[in-house]
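**Student:** Could you have a look at this structure, given as structure tokens, before my questions?
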Amino acid sequence: MERKVAIVGAGLSGLIACKYVLSKGYKPIVFESKSKLGGVWTKTVETTKLQSEKDSYQFSDFPWPESLETVHPDKDQVLAYIESYAQHFDLARHIRFSTKVVSIAYDGADEEEMNAWSMWGGTGEGFSNKGKWNINAENTSTSASEVHRVDFLILCLGRFSEVPNIPDFPPNKGPEVFQGQVIHAKDYIDMDYDKAANFVKGKRVTIVGSMKFAMDIAAECSAVNGKDNPCTMLRRTCHWILPDLRPWGVPFALLYFNRFSELLLRKPGQGFLHNILSTALSPVSWSISKFVESYVKWKLPLAKYGLVPEHSFLDDISSCTFAIWPDNFFDRVDSGSIVLKKADGFGFCKQGVTLNGELEPVKSDLVILATGFNGEQKLREIFASPRLQGLITGSASSIVPLYRQCVHPRIPQLAVIGFSESASNLFTSEMRSKWVAELLDGSFSLPSVAEMEKDIREWDGYIKGYSGSNYRRSCIAALHIWYSDQLCKDMGLNPKRKNGFLAELFQPYGPLDYQPKNSKSQ
């Protein structure tokens with residue numbers, strides 16, 4: 001009997017998962033709520049460019065076209081590349097566009113039996129005869145609904161779309177007291193580019209946020225209004241935002257994306273001797289971080305505008321909270337078309353935004369909340385069962401409990417791809433998709449539930465040790481090679497991909513190191 005596999009989402013992770021599931025002979029059905037594939041790249045801020053260098057953000061078996069010379073492709077080039085990948089592997093025919101998955105429900109073993117399982121799904125294997133997933137899907141055009149029953153389900157929901165993260169405000173300090181308009185960055189992105197420009201034109205705009213969306217929107221508002229109606233960008237926390245990925249002329253990958261850089265860090269579950277080694281080498285890690293920080297402070301006027309972070313760059317790369325400034329951003333700040341402010345809290349008043357520690361409000365006509373998205377809520381709410389809703393995201397005091405950042409030890413026949421972050425989400429999603437496809441193909445079985453939960457606790461300790469309060473992002477950026485090693489070992493593949501000891505230690509690792517080869521002992 002043919003096993004049925006479903007994938008929710010046709011963004012990057014969903015497309016890659018579809019490709020690898022197909023490679024094992026299955027015929028997946030992919031549900032996509034939008035009318036086209038590409039996820040967040042289908043519509044973003046007009047000036048958005050790829051943050052990573054394209055060499056680290058590409059498919060292992062479908063490189064960027066040689067004709068593309070730019071290091072940081074723009075949004076249109078990225079989307080075209082993704083669409084070419086889907087066309088090359090004939091993925092679109094497996095996608096049901098304009099079809100939103102309203103809920104999923106596991107139909108099989110009862111709660112008591114599932115709690116007693118010592119192996120994932122009772123067997124430790126991808127497929128199980130103990131149950132199926134019911135998928136309640138709705139056509140967004142006709143509102144017609146249907147239920148699909150599948151043997152395995154892959155959630156590729158994405159963390160940065162659909163469910164906005166809205167801050168909590170004290171009584172009488174929320175948007176309701178403001179006489180202007182308050183929107184989330186999602187609403188701005190959903191506009192076409194001309195409409196967005198006309199929407200902000202002539203308005204005093206305040207943007208709340210400190211990361212990439214906030215910076216890109218601020219740059220666009222300043223381009224429309226200039227210094228006559230300057231855009232105010234309000235941030236609570238300063239992060240290390242880079243001018244480029246070549247600090248003092250050294251490629252960023254040589255500093256952070258090779259085995260030597262990972263040798264400097266304490267890893268999840270590593271032994272006593274490795275702990276001693278990483279502790280002894282910690283001054284080297286500190287020096288690399290200071291090397292990057294010195295370049296950023298030399299290149300950008302952070303001190304002038306009170307933007308020097310209090311934490312190290314290592315903290316930001318370990319929590320996936322670093323980015324690159326938009327082109328000419330500080331030229332706009334110097335000209336007065338962007339005003340930067342920092343406060344540990346804010347609220348609303350009739351005239352605009354009030355800042356903790358300041359008497360005068362920031363007078364505004366429009367406030368854009370570039371405060372991110374609530375990926376956890378999005379992940380929870382797709383489950384019909386309150387019990388599974390509680391299990392999938394776990395306790396707020398620990399990381400999201402996914403073994404290998406892919407499967408929950410106590411939720412069978414289901415994988416999550418694309419929730420845990422990295423410096424190159426395309427690359428990481430491809431590794432995870434390979435791993436899930438091999439699991440479905442029976443190439444390996446998962447360890448016991450107890451062993452998986454122990455592994456998750458060890459990751460929790462590592463991530464909290466380096467990411468601090470941002471541990472819920474489950475970022476693997478600083479250990480992406482070591483993480484890929486674990487997936488390779490599970491799949492029976494050689495994790496060492498370079499030629500020679502020195503190359504293995506110091507050369508950066510990227511997607512093309514994991515190109516498919518003829519031999520399984522690759």
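The values are calculated or read from the model by the stated rules, or taken from the named source; none is laboratory data. Small disclaimer: the values here were computed from a predicted structure and weren't measured. All Cβ positions, glycine included, derive from the backbone under ideal geometry; neighbour counts span all protein chains shown. Ligands, DNA and RNA are excluded from the accessible area calculation, which covers all protein heavy atoms including side chains. Shrake-Rupley method; radii C 1.70, N 1.55, O 1.52, S 1.80 Å.
**Student:** State the extension gain, in nm to one decimal, for the chain segment bounded by Ser448 and Val71, taking 0.36 nm per residue of separation less the distance between their alpha-carbons.
**Tutor:** Between Ser448 and Val71, full extension yields an extra 131.3 nm.
**Student:** Once the Cβ-Cβ distance between Glu111 and Glu2 is put in as r, and R0 is 35 Å, what FRET efficiency do you end up with, to the nearest 0.05?
**Tutor:** About 0.75, to the nearest 0.05.
**Student:** If each residue of separation counts as 0.36 nm, what is the full-extension length gain between Ala343 and Leu273 once their alpha-carbon separation is subtracted?
**Tutor:** Taking Ala343 through Leu273 to full extension adds about 20.8 nm, to one decimal.
**Student:** Follow-up. How high is the relative contact order of region 86-184? Use alpha-carbon pairs under 8 Å, at least six apart in sequence, and give a whole percent.
**Tutor:** Relative contact order for region 86-184 comes out at 23 percent.
**Student:** How large is the helix-only mean residue ellipticity at 222 nm for the chain, computed as the sum of -39500 (n - 2.57) over DSSP H runs with n ≥ 4, divided by its residue count, in deg cm²/dmol to the nearest 500?
**Tutor:** Estimated from H runs of four or more residues: -10000 deg cm²/dmol.
**Student:** What number, in percent, do you get for the relative contact order of region 426-515 if the mean sequence gap of Cα pairs under 8 Å and at least 6 apart is divided by its residue count?
**Tutor:** The normalised contact order for region 426-515 reaches 31 percent.
**Student:** Moving on to the next point. Give me, ordered by chain and number, the residues 5 or more places off Ala415 or on other chains with an amide H under 5 Å from its own placed amide H.
**Tutor:** HN-HN under 5 Å from Ala415: Leu153, Ile154, Leu155.
**Student:** Taking the Cα centre as origin and putting +1 on Lys and Arg beta-carbons and -1 on Asp and Glu beta-carbons, what dipole magnitude results for region 195-258, to the nearest 20 debye?
**Tutor:** 260
**Student:** Roughly speaking, what is the stretch gain from His311 to Glu458, that is 0.36 nm per residue apart minus the C-alpha to C-alpha distance, in nm to one decimal?
**Tutor:** Taking 0.36 nm per residue and subtracting the Cα distance, the gain is 50.6 nm.
**Student:** Tally up the carbon and sulfur contribution to the accessible surface of region 65-223 as a whole percent, 1.4 Å probe, everything protein left in place.
**Tutor:** That fraction is 46 percent.
**Student:** Continuing with this model, one more query. Compute the whole-percent fraction of alpha carbon pairs in region 307-452 spaced more than 18 Å apart.
**Tutor:** 73
**Student:** Reachable lysines from Lys363, Cα under 17 Å, same-chain residues fewer than 8 places away excluded?
**Tutor:** Leaving aside lysines fewer than 8 places away in the same chain, those within reach of Lys363 are Lys173, Lys201, Lys203, Lys227, Lys341, Lys342, Lys350.
**Student:** Is any residue of region 301-345 close enough, with backbone N under 12 Å, to a label point placed 7 angstrom from the Cα of Asn172 along the Cα-Cβ axis, and if so, which?
**Tutor:** Under cut-off, by backbone N: nothing.
**Student:** For region 245-322, what % of the accessible area comes from carbon and sulfur atoms, probe 1.4 Å?
**Tutor:** 66
**Student:** Let me ask something else about it. Which three semi-axes in whole Å describe the equivalent ellipsoid of region 408-522, each the square root of 5 times a Cα gyration tensor eigenvalue, listed largest first?
**Tutor:** That gives 23, 20, 13 Å for the three semi-axes.
**Student:** Then there is this: Excluding same-chain residues fewer than 8 positions from Lys54, which lysines have a Cα within less than 24 Å of its Cα?
**Tutor:** Qualifying lysines at Cα under 24 Å: Lys19, Lys36, Lys43, Lys75, Lys212, Lys299, Lys434, Lys496, Lys498, Lys517.
**Student:** Is the shape of region 28-167 rounded, prolate or oblate, going by the alpha carbon gyration tensor and its root eigenvalues a ≥ b ≥ c, with a/c under 1.5 for rounded and a/b larger than b/c for prolate?
**Tutor:** prolate
**Student:** Let me ask something additional. How much area per residue is accessible in region 112-176 when the probe is 1.4 Å and only protein heavy atoms are counted (Å²)?
**Tutor:** 53
**Student:** If you don't mind, another one. P(r) of the chain in 20 Å steps, Cα pairs, percent per bin?
**Tutor:** In whole percents, the pair-distance histogram is 21, 55, 24, 1.
**Student:** Might you work out the accessible area of Lys350 for me, using a 1.4 Å probe with all protein chains in place, and round it to the nearest 10 Å²?
**Tutor:** Its accessible surface works out to 120 Å², give or take rounding.
**Student:** Ordering Thr140, Thr232 by accessible area with a probe of 1.4 Å, largest first, what comes out?
**Tutor:** The most accessible residue leads, giving Thr140, Thr232.
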